[in-house]
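A.B. asks: Just dropping this structure here.
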Amino acid sequence: MRTPSAKGQVVLVTGAANGIGAAAAELAIARGHRVLLTDVDEKAVLARAGELGPRATGLVLDIRSTEDWSRAFDVAEAAFGAVDVLVNNAGITHTGHARDLSPQQHRDIVEINLLGTINGVCTAVERMTARGRGHIINVCSMTAFLPLPGYATYCGTKYGVRAFHHSVAIEERDGPLDFTIIHPPSTRTDMLAREMADPACAITFAEKSYAPERIARAVVDAIAGKPVEVVFPPLAGRVQRIAGVFPRLMRRVIPLAEARGRRQREGLLSAPRHRT
Ligand SMILES: NC(=O)c1ccc[n+]([C@@H]2O[C@H](COP(=O)([O-])OP(=O)(O)OC[C@H]3O[C@@H](n4cnc5c(N)ncnc54)[C@H](O)[C@@H]3O)[C@@H](O)[C@H]2O)c1
């Protein structure tokens, strides 16, 4: 497969201290880009950036804060030049059924996954349009297509991110910006480890999980290839996308997948050294 080769871009990655964001930052640097790694966890992101050499720098950015977003674009510009690519990746979940989450937990998920992502897109649209180019890559989720038990508010935010993303891309169609949205499936990060600890999230183990480096490859390839939307796995992901349109089908099929997820989760937990 051809590897896209656009080099030397200035890339701002959110949620870059861990998981998919950290893997994307590392691969982007290996491909010749300069990367501002940002995260709400200041200590972890500075440490991560410190490991990646002179084409990386780290900064605290809580994606809920519009002030933090403005500062991040300024810091990137001072360090490397204006931001060419935003990888809007940071996100959280609180595991459990909707009835078991506190109002604050529901609010956290919405404020980070949806409003935080909106803050990033709006800042990037303004800054990038002013300089006449830029590329916004939103890391969303396959749950943007398929509502899952154990993820109600999370799924709600990811549906929202997808709708927002495509609405803005259409609004800006005559402008100079590119828009890509990428939907990871289960990915072996700290987020998945937390889901493994909660039986309410069993459905996520119905299908095989991916290494964060695989999703990072899709993200960094997108810098050059500029796909409109990427789903995982390429074929089954398209089927899931269609299944999500039909509520009666979902109500039949998702409980079957959940039962399979429960069995697979039990198997993983009882393995000598369980790998999620
Ligand atoms: N892991 C999966 O199975 C999976 C599946 C589909 C989609 N995703 C999505 O991929 C993205 C990355 O997930 P991950 O699995 O790498 O998660 P992760 O928990 O490993 O890493 C997320 C990072 O985001 C940071 N973060 C949390 N709140 C933040 C905030 N307010 N501002 C800035 N940074 C903040 C955390 O400190 C952490 O470093 C998320 O948007 C997630 O929803 C993950």
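Taken together, the values in this text are just the output of simple stated rules run on the coordinates, not laboratory data. This structure is a prediction, so every number in the text was calculated from the model and none was measured. Glycine also receives a Cβ, built like all others from the backbone with ideal geometry; neighbour counts cover every protein chain displayed.
A.B. asks: Between Glu171 and Lys208, 0.36 nm times their residue separation minus their Cα-Cα distance comes to what?
C.D. replies: 9.7 nm
A.B. asks: Give, as a single signed number, the net charge of other residues whose beta carbon lies under 13 Å from the beta carbon of Ala222, with Lys and Arg counted +1 and Asp and Glu -1.
C.D. replies: Details: positive: Arg31, Arg217, Lys226; negative: Asp84, Asp178, Asp221, Glu229.
Computed value for this residue: -1.
A.B. asks: Defining a contact as two alpha carbons under 8 Å apart and six or more residues distant in sequence, what relative contact order in percent does region 122-276 show?
C.D. replies: Contact order relative to length: 28 percent.
A.B. asks: Is the shape of region 166-255 best called rounded, prolate or oblate, per the rule: a/c under 1.5 gives rounded, else a/b larger than b/c gives prolate, else oblate, with a ≥ b ≥ c the square roots of the Cα gyration tensor eigenvalues?
C.D. replies: Because a/c hits 1.5 or more and a/b fails to exceed b/c, region 166-255 counts as oblate.
A.B. asks: Could you work out the local net charge near Gly21, counting Lys and Arg as +1, Asp and Glu as -1, over the other residues with Cβ closer than 13 Å to its Cβ?
C.D. replies: -4
A.B. asks: Treating only the Cβ of Lys, Arg, Asp and Glu as charged (+1, +1, -1, -1), what charge dipole size does the chain show about its Cα centre? Round to the nearest 20 debye.
C.D. replies: Result for the chain is approximately 1200 debye, rounded to the nearest 20.
A.B. asks: Here's another thing I want to ask about it. Could you name the lysines whose alpha carbon sits less than 22 Å from that of Lys158, not counting residues in the same chain fewer than 8 places away?
C.D. replies: Lys208, Lys226
A.B. asks: Let me ask something else about it. Give the angle, between 0 and 90 degrees and rounded to the nearest 10, that separates the Cα long axis of helix 117-131 from the longest principal axis of the Cα atoms of the chain.
C.D. replies: 30 degrees
A.B. asks: Subtracting the Cα-Cα distance from 0.36 nm times the residue separation, let me have the gained length for Arg64 to Arg238 in nm, one decimal.
C.D. replies: 59.5 nm
A.B. asks: Once you keep just the Cα pairs under 8 angstrom separated by 6 or more residues, what percentage relative contact order results for the chain? Please report the intermediate quantities before stating the final value.
C.D. replies: Values: 510 pairs, mean separation 51.1, N = 276.
Rounded, it is 19 percent for the chain.
A.B. asks: While we're on this one: Across the chain, where is the longest run that never hits trypsin sites (Lys or Arg not before Pro) in a DSSP loop with at most 10 other C-beta atoms within 10 Å?
C.D. replies: Free of exposed loop sites, the longest segment is 8-172.
A.B. asks: Can you work out the base-10 log of I(q)/I(0) for the chain at q = 0.08, 0.12, 0.17 1/Å, using the Debye formula on its C-alpha atoms alone?
C.D. replies: -0.32, -0.72, -1.40
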